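Right, one structure below, let's go through it.
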Amino acid sequence: MCGIVGYIGYRDAYPILIKGLQRLEYRGYDSAGVALFDGTNINLAKTKGKVEDLNKKAETDISLKGTLGIGHTRWATHGVPNDINSHPHYSNSGNLVIIHNGIIENYESIKKELLKRGYTFHSETDTEVLVNLIEEVQKTEDVKLGKAVQIALNQVVGAYAIAVFDLKKPDEIVVAKLGSPLAIGVGDKEFFIASDASPFIEFTNNAVYLEDEEMAIVRLGKEIKLRKIKDDAIAYPNILELQLNLEEIEKGGYEHFMLKEIYEQPRAILDTYRGRLLADQGLIRMAGIDQNLEKFLNANRIIIVACGTSWHAGLVAEYIFEDLARIPVEVEYASEFRYRNPVITDKDVLIAISQSGETADTLAAIKLAKEKGAFVFGVCNVVGSSIARETDAGAYTHAGPEIGVASTKAFTTQITVLTLIALKLAKEKGEFSSSKFHEFLTELETIPAKVEKALESNTLIEIIADVYKDSENCLYLGRGYNFPVALEGALKLKEISYIHAEGYPAAEMKHGPIALIDEQMPVIVIATKKGHYEKVVSNIQEIKSRKGKIIAVVTEGDKQVRSLADHVVEVPETLESLTPLLTTIPLQLLSYHIAVMRGCNVDQPRNLAKSVTVE
Ligand code: M6R
């Protein structure tokens, strides 16, 4: 949600800003803008629409000169998406210019005060209020920009990642963070500012991630100065060496990031268990679990909190933990959990799952659980993200950057990590014999090759997609381990193709959704051999007798469902608890192809943001 970039150094800033904004497009946005200092003036261009619209506008409207600049992609919160509400925003004097990711909750009361003091506002945004508050502090307290930003931020309530510079002091950019991510790329005599490292990775792999309530002054030719916003204490920059490379954040010959990420899953799953799953030694090694084993083994229950696809991975984990490790699990939407006064004790373990590690509701749920004394474990993809830092311990998924808004490899790698944890706990609790444990480990090692095999159905799925691309509704059914997969399949379809879709436990169909079934209704049924197969076959028969169109995901070699279904997609056979890693693949491909055929923007679906950093 909202992307920010900035540059100060010796290179032309504009190409860095535009390229950087393109790299941040995946975060979701509806308008974009840049401001550049050309040595004398600030040149600002902004527009509703895409970064390429901004580029065209900037090329004709402003001078693109300058080695200092900031840029922004806006996902509207306060004020509709239009040119005026887009960032950057000037202060009333025209000296300060700001970009902001987040929400200033008390902006209305601050605005009232500023109006009384003669300030005028052009936009409906909270951001324009903030930049004028900084200007007012600068004037009344007679302080430099850094201090003014600090004083102003102590008066605001809300979340922010900001970058601001002053026409009168064009050798520095002041940045600050609370609740929204902000990274500073540290080059040789140059600095980069961004919501994540992707805009600057080809220039430097040294980065500082600001902590919440920290601010920094990046000044030309000087070291970065970090300080705490609240009490002015000096903070020391922890410069990390990033492992990210350019290839990982580019499409690499695929038409869309989503397709690339679907195809990356065999590698991503392998990377997730590499070094952790030691089948030959009969071991699972995970530092975050090993060091906190007693907490898990003595837990009354595990509570899983997450949103969206990560919540679906949590549901799969509920089946795995209860089935294999016999530990009670509750899975909650983070957004509900945080506000419903849940009963949590220090005997609870909370697992927070998040690809981005920045989801505001999940972060708030973590803070609540920590306050109540629970041990909090994170399963995140983005290294160094807020959730990774906020949790007591955790395990990264190692999926690599996921740029497509629709989560794909994040889902399968989250399930992989959670399976490893469940297996380890099952073993430690004595729920598994050595041979059963070994059987699981060796089967898990075959999953990347089996995912590869599942991907071979791509052409068949494209043909099926062509038949159903104009459908208005779709039903997804699964049972047991594959019920969450049905939910995930439906979410994938609705978010990228805008077709209404529902996921249901197959047996629940007759309690309501069966009324929807007619010859227009495609029903995607996961009917793999292990796990309630005969029951699902009966459900298929019920659909067939009501003339629904059946697309079945089955185990290789299946004959019974093939004789009933309109279309059949096979996946290799595996253990029941590992089937979600395979059955989800055809569903991802189906939604992808349908969305492409409907002309939808697959990687940046309307209204959606990759990381939801506001509630
Ligand atoms: O980064 P997170 O995993 O915390 O994000 C949670 C959801 O916003 C995310 O899974 C969302 O539902 C995806 N667009 C689904 O494809």
query: Which condition number does ALA334 fail, the rest of (1) within 14 Å of the ligand (Cβ to nearest atom); (2) open to solvent by 10 Å² or more (accessible area, probe 1.4 Å); (3) in contact with a helix residue (DSSP H, G or I) (Cβ under 7 Å, 6 or more places away or on another chain) being met?
result: (2)
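In the stretch 425-444, how many are out of contact with any Gly (no Cβ under 9 Å at 6 or more places or on another chain), assigned to a helix (DSSP H, G or I) and surrounded by fewer than 23 Cβ atoms within 10 Å (Cβ to Cβ)?
7
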query: Are any of the residues in the stretch 146-157 closer than 22 Å to ILE8 by Cα, surrounded by fewer than 21 Cβ atoms within 10 Å (Cβ to Cβ) and more than 32 Å from the chain's Cα centre (by Cα)?
result: yes
- request: List every residue pair whose Cβ atoms lie under 8 Å apart, where the two residues are 6 or more positions apart in sequence or sit on different chains, the first residue falls within the stretch 99-116 and is among the basic types (Lys, Arg), and the second residue, located anywhere, is in a helix (DSSP H, G or I) and crowded, with 20+ Cβ neighbours inside 10 Å.
  value: LYS111/VAL129
query: When you look at THR583, is it in contact with a helix residue (DSSP H, G or I) (Cβ under 8 Å, 6 or more places away or on another chain), within 30 Å of THR359 (Cβ to Cβ) and in a loop (DSSP other than H, G, I, E, B), yes or no?
result: no
field: When residues of the stretch 352-366 are limited to those that are within 7 Å of the ligand (Cβ to nearest atom) and open to solvent by 10 Å² or more (accessible area, probe 1.4 Å), the one farthest from HIS312 (Cα to Cα)
entry: GLU358
Qualifying positions in the stretch 367-400 - within 12 Å of the ligand (Cβ to nearest atom), in a loop (DSSP other than H, G, I, E, B) and either crowded, with 24+ Cβ neighbours inside 10 Å or not β-branched (Val, Ile, Thr) (or both): ASN381, SER385, THR397, ALA399
- prompt: Here are some residues: ASP61, ASP38. Which one is open to solvent by 50 Å² or more (accessible area, probe 1.4 Å) and acidic (Asp, Glu)?
  reply: ASP61
message: Here is a list: ILE84, ILE70. Which entry is over 21 Å from THR613 (Cα atoms) and touching a strand residue (DSSP E or B) at 6+ places or on another chain (Cβ under 9 Å)?
response: ILE84
message: Looking only at residues that are buried (at least 21 other Cβ atoms within 10 Å of the Cβ) and assigned to a helix (DSSP H, G or I) in the stretch 297-314, which one is nearest to the ligand (Cβ to nearest atom)?
response: GLY308
- prompt: Which one of VAL596, VAL568, VAL612 is in a helix (DSSP H, G or I), open to solvent by 10 Å² or more (accessible area, probe 1.4 Å) and either at pLDDT 95 or above or within 16 Å of the ligand (Cβ to nearest atom) (or both)?
  reply: VAL596
query: Failed condition for ASN43, given (1) in contact (Cβ under 8 Å) with a residue 24 or more places away in the chain; (2) in contact with a Lys or Arg (Cβ under 9 Å, 6 or more places away or on another chain); (3) part of a strand (DSSP E or B); (4) open to solvent by 10 Å² or more (accessible area, probe 1.4 Å), with all others met?
result: (1)
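If we scan the stretch 557-565, do we find a residue that is within 16 Å of the ligand (Cβ to nearest atom) and more than 20 Å from ASN473 (Cβ to Cβ)? Let's see the steps before the verdict.
Of all residues in the stretch 557-565, those within 16 Å of the ligand (Cβ to nearest atom) come to none.
No, the stretch 557-565 contains no residue that is within 16 Å of the ligand (Cβ to nearest atom) and more than 20 Å from ASN473 (Cβ to Cβ).
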statement: Pairing a residue in the stretch 554-565 that is without any contact (Cβ under 8 Å) to a residue 12 or more places away in the chain with any residue that is open to solvent by less than 10 Å² (accessible area, probe 1.4 Å) and of a type in the set (A, V, I, L, M, F, W, C), where Cβ atoms lie under 8 Å and the two sit 6 or more apart in sequence or on different chains, gives ARG562/ALA552; ARG562/VAL554
query: Would it be correct to say that PRO199 is under 21 Å from THR359 (Cα atoms) and either under 29 Å from the mean Cα position of the chain (by Cα) or not assigned by TED's automatic domain parsing to the domain that holds HIS100 (or both)?
result: yes
- prompt: Taking ASP126 and the conditions (1) within 16 Å of ASN92 (Cα to Cα); (2) surrounded by fewer than 20 Cβ atoms within 10 Å (Cβ to Cβ); (3) of a type in the set (D, E, K, R), which numbered condition does it fall short on, given that it satisfies the others?
  reply: (2)
query: If ASP603 passes every condition in (1) acidic (Asp, Glu); (2) modelled with pLDDT of 95 or more; (3) open to solvent by less than 50 Å² (accessible area, probe 1.4 Å) but one, which one does it miss?
result: (2)
message: Take THR413 and tell me if it is open to solvent by less than 10 Å² (accessible area, probe 1.4 Å), closer than 22 Å to GLN243 by Cα, assigned to a helix (DSSP H, G or I) and not assigned by TED's automatic domain parsing to the domain that holds LEU182.
response: yes
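Could you please give the count of residues in the stretch 374-414 that are among the acidic types (Asp, Glu) and in contact (Cβ under 8 Å) with a residue 60 or more places away in the chain?
The number of residues fulfilling the criteria is 2.
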message: Report every pair of residues separated by at least 6 positions or lying on different chains whose Cβ atoms are under 9 Å apart, first residue within the stretch 521-548 and at positive phi and open to solvent by 50 Å² or more (accessible area, probe 1.4 Å), second among the hydrophobic types (A, V, I, L, M, F, W, C) and at pLDDT below 90.
response: HIS532/ALA507
message: Can you list residue pairs whose Cβ atoms sit under 7 Å apart, with the first residue in the stretch 301-330 being free of Cβ contacts under 8 Å to residues at least 12 places away in the same chain and the second being β-branched (Val, Ile, Thr) and more than 12 Å from the ligand (Cβ to nearest atom)? Count only pairs 6 or more apart in sequence or on different chains.
response: GLU322/VAL329
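The values are calculated or read from the model by the stated rules, or taken from the named source; none is laboratory data. Not measured: the values here are computed from a predicted model. In this analysis, Cβ positions are derived from the backbone assuming ideal geometry, glycine residues included, and neighbour counts consider all displayed protein chains. Note: accessible area is taken over every heavy atom of the protein model, side chains too, but ligands, DNA and RNA are not part of it. Shrake-Rupley method; radii C 1.70, N 1.55, O 1.52, S 1.80 Å.
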